[in-house]
Structure formats: C-alpha cells, structure tokens
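What follows is a set of notes on a single structure, which appears directly below.
The values are calculated or read from the model by the stated rules, or taken from the named source; none is laboratory data. Given the structure is predicted, the values throughout are model-derived calculations rather than measurements. Note: ideal-geometry Cβ built from the backbone for every residue, glycine included; neighbour counts use all protein chains shown. These accessible areas exclude ligands, DNA and RNA; they are computed on the full protein's heavy atoms, side chains included. Shrake-Rupley method; radii C 1.70, N 1.55, O 1.52, S 1.80 Å.
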Protein chains: 2
Amino acid sequence: MRHELFVVKPIGRVESTLADRSQAPKQGDEGAPDAWLSFDPEYLDGLRDLQQGSEVLILTWLDRAGRDVLRVHPRDDDSRAMRGVFSTRSADRPNPIGLHRVEIVEVDANRLRVRNLEAIDGTPIVDVKPVLDRIGER
Amino acid sequence: MRHELFVVKPIGRVESTLADRSQAPKQGDEGAPDAWLSFDPEYLDGLRDLQQGSEVLILTWLDRAGRDVLRVHPRDDDSRAMRGVFSTRSADRPNPIGLHRVEIVEVDANRLRVRNLEAIDGTPIVDVKPVLDRIGER
C-alpha cells in the first residue's frame, strides 16, 4: 500500500551544550543540561499561554538519525536479542520523531528554557503539546 | 531563519468506525471505539515485541487538519479567550502530529487492535513508541 507523503516544517531549534549523540543521555532525567528552545518569530502567537513551571511535550525531528532501522539492540540489555524498533525509544527509526517531556523554567518571547532535554544542539523542533494529566500521556 | 524540510513517510493507517472529525471524541477515554492499526508489511520486523496488554504511544499525521492555525478556541471554555495552539491539543497546528496513548488488545501479524483511539478512519500512522514509565511520558 502506498501512502501519501507529508512535509514536516520545523518551527524552531534546540540550543544546547550537547554537541553530538555520544554526549546525549538517552532520557532527560539522566543528567541532560537545560536547553533553550528557540522558535521562529512567526510562531509567537502559538506560544502564548505556555508558562514557567508547566510541563510540556516537545516533538523534535531527529535529523541525524538513520531511517532504515527496524530492529535494534536495546541499551541496558546484555543479551544479543534484537528488538523491534517500535518497542524502543531508539532515535533511529522510520520517522525519527523525538518525544521529550520537559519543564519550562523560563519564558523569553519566542524562546523557552527547559529542564532536562536530551536533544542535541540544532535539533529541529516540530511541535509543542501540553501534558494532559498527572498519570501520563495521551 | 529557514529550516530544512523533512518528509514523513506513513508506516500504516488507522482502521476505525469513526468516519469524520465531527464524530471523534477529543480524547480517547471519552468513548472512542476500538480501532485497528494496519501497518505496511515491510515494517513487520519493527513491530516485534509489541504485546497484547501493553500501552503504547501512537503518532499519527492528522491529514485533515489545517496547518496555518496559531490561536484556537479551546473546547470546554465558554470565554471568548483564544489560546496559543501549542498549549492545546488542537488537531489544527503547524505540524499536525497526533499523539495517542492506547492499550494493545490484540496482535495479528502486521495489525494491532487498540482500545480508545480517537483518530478517524484512514488516518496515517507515522510512529509507535513504548510508554516509558507509570507517571507519564518523556
């Protein structure tokens, strides 16, 4: 079955001291530094109501990932078992969309400073969504 | 600042009795029916290890959404206040990526039946990710 293709248009970029993938912790609570999310000024109206202290989901496009990966070695798994990529958070996947839950610690016009973002410097941002409830994500 | 554009290649489609947006509940726990996720056979290796009873995040491309929306009227808000789209879950947004937390209730080769998916029939699927912890999403 052939599907229509769609175009993702980044709305901003991550500014971080993480310079490459080897430095990036796999999840933000493992010691990622704070980062700035710098949005293009044309999206300023969309950023209204995002407030310091709130948690949001950041969707990124992991532009340095490989897209032809369907099976991966999960980290923290010493076995030689490969896993299907959709049961992992591998950056390498057919559509390398990163999903990051972060806390907004500062709002400065079209820039947000966030805590514990594991994305590397220059990563394109494609969406921001509110966290909907205390127990998880829909 | 100009960004590089990226191409999203759908990996499958939603099969649901929800035929259009007017029927779709805004969040899955408001009474969406079960749905089938039908993946292209070429992604079968990536689906390994997804199991009945587990919860996953489904990322979709909301192909019937408008992309030039930056301010929206949130539902359940009788005031006339508009909100910045990135503090809402509106389908209409610059990159209309849907994020749905669902439970897998059946696995049949390249098809997954899931509970409480609010996406309408034919919606392209772009990614599947595991839920990482009990308290939420990163």
So in region B:23-34, with the set limited to residues that are assigned to a loop (DSSP other than H, G, I, E, B) and away from chain A (no Cβ under 12 Å), which one is modelled with the highest pLDDT?
B:Asp34
Confirm whether A:Ser38 is farther than 26 Å from B:Asp63 by Cα, open to solvent by less than 40 Å² (accessible area, probe 1.4 Å), within 10 Å of chain B (Cβ to nearest Cβ) and at pLDDT 95 or above.
yes
Residues satisfying the stated conditions in region B:122-138, i.e. more than 8 Å from chain A (Cβ to nearest Cβ) and at pLDDT below 95:
B:Asp133
Restricting the first residue to region A:1-22 and requiring it to be away from chain B (no Cβ under 14 Å) and within 25 Å of A:Leu44 (Cβ to Cβ), which pairs with a second residue that is among the aromatic types (Phe, Trp, Tyr) and in a strand (DSSP E or B) meet a Cβ separation below 9 Å and a spacing of at least six or different chains?
A:Ser16/A:Trp36
Return the residues of region B:64-104 that are open to solvent by 60 Å² or more (accessible area, probe 1.4 Å) and within 11 Å of chain A (Cβ to nearest Cβ); say none if nothing qualifies.
B:Arg67, B:Asp68, B:Arg71, B:Met82, B:Arg83
